[in-house]
Amino acid sequence: MRLSQFFMPVLKETPSGAEIVSHQLMLRAGLVRQSAAGIYSWLPLGLRVLQKIEAIIREEQNKAGAIELLMPTIQPAEIWRESGRYDDYGKEMLRITDRHDRELLYGPTNEELITQIFRDSVKSYKDCPRTLYHIQWKFRDEIRPRFGVMRGREFLMKDAYSFDLSKEEARKSYQKMFISYLRTFERLGLKAIPMQADTGPIGGDLSHEFIILADTGESEVFCHKALLEKSALDTTIDFDDDLSPMMEQWTSHYAATEEMHDATRFEKEVASADQISARGIEVGHIFYFGEKYTKAMKCEVQGPDGKLVTLHGGSYGIGVSRLLGAIIEASHDEDGIIWPNSVAPFDVGIINLKPGDEATDSMCQQFYKALQDHGLDCLLDDTKERPGGKFKTMDLIGLPTQIIVGPKGLKNGIVEIKSRKTGMRQELETKELDIVTAITALTNKGL
Ligand code: P5A
């Protein structure tokens, strides 16, 4: 993409009213614009990141055996009456009446709708277990939408729902999602800690929140330090294997959200040097709720013995749009965003220091083409802005690698490569012209 032809309205000043750094940077870097309180338009740069996050989530859901479908944003009120949640949900639910006076709502979550679909389509134990998911916009009329996309009213969620024949089987489905979440967040460049959590309006008796530690987080959390050093990507995982040993490794240390925190237990189980008490951002939340929805909505199948079995359910959410904010909170400096490679809107930014200079234009073009040919996405700054402004913008939008090309360097046969993360710069001779291989090597070395 050429910046001169792109749509990337960056702001020089920090907009007033944006309280936390991720919100400020999302506005300044031209990722989102507010349309109404807690409702955002996704500008091209922000949309690219959102789509990259979605792709990683989708890959990991599929690996764990979940199957994608797509449910609508608008749901009929009657299924929520069936489950008994229509009145409970209160003012957070956006209720709509259509021209025929039918009651509809903008879905805040989809337990009811998926249970209806499953109930009406699956009749036999042979079609269980199944975990179905979608990535769809939700609406919750939060009293205090704040911090930009972190607590929005309209927000994008990945929500999965499992249907099993027994509690025992349901626990296995829960474990698959639990491990899949650890892998997902790690691929997004985040250290997410699973913590015992409260089930709130979703219900049930087993639940974990996945928490990113950040000073600007909305909840207070408590855990053992060891959880910060673990990785779920170290080992290859077969989701058909028994996942209990791996679960055990992650759940044996103390980790709890404020609602579930037990100070006495914390003191007893964790040496004071290992205690972490911090603020956190909830990027995922999983629930096992058994027969809560399936019983009320008569979601049952015929078992092997011909008797009807009420299915056991769980639901599993990831805050897709919130993740942009969380990633930025976890990865930025005073100059701007530092995107992890896996979600960066472009892999490389090329800065043309003197558009119009023939040699410079031609070298930029060569890089641009060679990188694209190697499957790397490039943003080429070919605008007339002065160099200082270009450097600032490139740092602000946080692409992992920058290539700086100008007439002076070229006279000496040199371009500069800069890593956004480390700030390290390296000169590269233009005559060693397998330049992309050179960049790839440098990037892998963590330049
Ligand atoms: C699980 C999936 C549920 O709704 N039903 C379907 C269950 N869980 S949850 O915890 O309420 O939400 C799941 C995740 O969505 C994100 N989230 C939000 N993101 C932005 N703005 C909001 N107002 C908002 N509310 C929830 C969180 O990441 C949460 O973990």
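For chymotrypsin sites (Phe, Trp or Tyr not before Pro), no site in the range 328-413 is both called loop by DSSP and has at most 11 other Cβ atoms within 10 Å. Summarised as an ellipsoid, the range 68-121 has semi-axes of 18, 13, 11 Å, derived from the eigenvalues of the Cα gyration tensor scaled by 5 and square-rooted, with the largest first.
Assign one of three labels to the range 367-410, namely rounded, prolate or oblate, based on the Cα gyration tensor with a ≥ b ≥ c the square roots of its eigenvalues; rounded applies when a/c is under 1.5, prolate when it is not and a/b is larger than b/c, and oblate otherwise. It comes out oblate by the Cα gyration axes.
Each other residue within a Cβ distance under 11 Å of G336 adds +1 if Lys or Arg and -1 if Asp or Glu, for a net charge of -1.
With a 10 Å radius around each residue's Cβ, average the other Cβ atoms per peptide and rank 185-197, 141-153, highest first. Each step should come with its number before you reach the end.
On the way: 185-197: 21.8, 141-153: 19.6.
The densest-packed peptide leads the list: 185-197, 141-153.
How much net charge surrounds G319 when only the other residues with a Cβ under 14 Å from the Cβ of G319 are counted, with Lys and Arg +1 and Asp and Glu -1?
Net charge in that neighbourhood comes out at -2.
Excluding residues fewer than 8 places away in the same chain, name every one of the lysines whose C-alpha is closer than 27 Å to that of K411. List returned: K354, K369, K384, K390, K392, K431.
Cross-link partners of K123 among lysines, defined as those whose alpha carbon lies under 17 angstrom from its own and excluding same-chain residues fewer than eight positions apart: K295, K298, K307. Among S419, S272, S180, the largest mean-square fluctuation in a Gaussian network model of the chain (Cα springs under 10 Å) belongs to S272.
Subtracting the Cα-Cα distance of I67 and Q249 from their residue separation scaled by 0.36 nm leaves 62.8 nm. For the range 215-339, the dipole from Cβ point charges (+1 on Lys and Arg, -1 on Asp and Glu) about the Cα centre works out to 660 debye, to the nearest 20.
Once you order the gyration tensor axes a ≥ b ≥ c over the Cα atoms, which shape class does the range 100-176 get: rounded for a/c under 1.5, otherwise prolate or oblate by comparing a/b with b/c? Because a/c hits 1.5 or more and a/b fails to exceed b/c, the range 100-176 counts as oblate.
Which value at 222 nm does the chain reach when only helices count, each DSSP H run of 4 or more adding -39,500 (n - 2.57), with the total divided by all residues and rounded to the nearest 500 deg cm²/dmol? Don't skip to the answer; put the middle values down first.
Numbers: 14 runs with 144 residues, N = 447.
Value at 222 nm, helices only: -9500 deg cm²/dmol.
Comparing T131, T97, T294 in a Gaussian network model of the chain (Cα springs below 10 Å), the most mobile by mean-square fluctuation is T97. So if R0 is 25 Å, what FRET efficiency would A37 and E259 give, r being the distance between their Cβ atoms, rounded to the nearest 0.05? According to the calculation, E is roughly 0.40.
For I338, the residues 5 or more places off, or on other chains, whose built amide H falls under 5 Å of its own are H332, D333. Listed by chain and number, the lysines whose alpha-carbon sits under 27 Å from that of K230, ignoring those within fewer than 8 places in the same chain, are K52, K63, K158, K172, K176, K191, K268, K421, K445. If you take all other residues with their beta carbon under 13 Å from the beta carbon of M247, and give Lys and Arg +1 and Asp and Glu -1, the sum is +1. For an R0 of 45 angstrom, estimate the FRET efficiency from the Cβ-Cβ distance between E92 and E169 and round to the nearest 0.05. Result of the calculation: an efficiency of 0.90.
Shape call for the range 262-345 from the C-alpha gyration tensor, a ≥ b ≥ c root eigenvalues: rounded (a/c under 1.5), prolate (a/b greater than b/c) or oblate? Verdict is oblate for the range 262-345.
Legend: P(r) of the range 300-428 from all alpha carbon pair distances, 10 Å bins from 0, whole percents, reading 12, 33, 24, 9, 6, 7, 6, 3, 0.
All of the numbers you see were taken from the coordinates with simple rules; none came from a lab. Computed from a prediction, not measured in an experiment: that's the story for all the values here. Neighbour counts are summed over all protein chains in view; Cβ atoms, including those assigned to glycine, are modelled from backbone coordinates with ideal geometry.
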